[in-house]
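This report refers to the structure that appears directly beneath it.
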Amino acid sequence: MSRPTRRQVLHGSAAALTGAVLTGPAAYADTAAARPSDGHGTSAGHGPSGGHQMPEPFDEMYQGRHIEGWPADDGGSQNGGHGGQHAGRAAGPHEGMDFVVRIDNDDLHVMRNVDGTWISLVNHYETFTTPRALARAGVRELQGADLVPVVTG
């Protein structure tokens, strides 16, 4: 049995690397599409091709924690009757934010990425398609700990 030459090994390695580079984006797209529907990845209406619609307000109990969210510009008035609760608040803390998310009445600072996904200070390296999914992940990440508010300015 003859041994392969260095040139044959390099040629085979280059071919394998080229194949990996060319199939990488397709393989990545398959994994992003196959993610569970708990808010990770992209979904219809929230991904790059679906536009950047404002998510719906929410107010629920999740794993024993009260999570809620609403578009920052409406002060919570569309959030299932929470207008009275948030109407007296100054708009200052939410200025510059697209969406307000709270866990047990403490603000969770959230940011919208260019591709329409959302991140928070609790899950800064993990993206979510909706603020609701982001708030739920924040509850899981906190594991019962209190959310420490971010002080700006």
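The values are calculated or read from the model by the stated rules, or taken from the named source; none is laboratory data. Just so it is clear, the model here is predicted, and its values are computed rather than measured. Every residue, glycine among them, receives a Cβ derived from its backbone with ideal geometry; neighbour counts consider all protein chains shown. What goes into the accessible areas is simple: the full protein's heavy atoms, side chains included, and nothing from ligands, DNA or RNA. Shrake-Rupley method; radii C 1.70, N 1.55, O 1.52, S 1.80 Å.
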key: the stretch 96-108: number of residues that are surrounded by fewer than 18 Cβ atoms within 10 Å (Cβ to Cβ) and either in contact (Cβ under 8 Å) with a residue 24 or more places away in the chain or touching a Leu at 6+ places or on another chain (Cβ under 6 Å) (or both)   = 6
task = Please find, within the stretch 116-138, the residue that is most open to solvent (accessible area, probe 1.4 Å) out of those that are within 17 Å of Met54 (Cβ to Cβ) and in a helix (DSSP H, G or I).
result = Arg132
key: Condition check for Gly153: assigned to a loop (DSSP other than H, G, I, E, B), modelled with pLDDT of 90 or more and either closer than 21 Å to Asp73 by Cα or open to solvent by 60 Å² or more (accessible area, probe 1.4 Å) (or both)   = no
message = Can you tell me which condition Met61 does not meet? The list is (1) closer than 27 Å to Leu142 by Cβ; (2) of a type in the set (A, V, I, L, M, F, W, C); (3) at pLDDT below 90, and all the others hold.
response = (3)
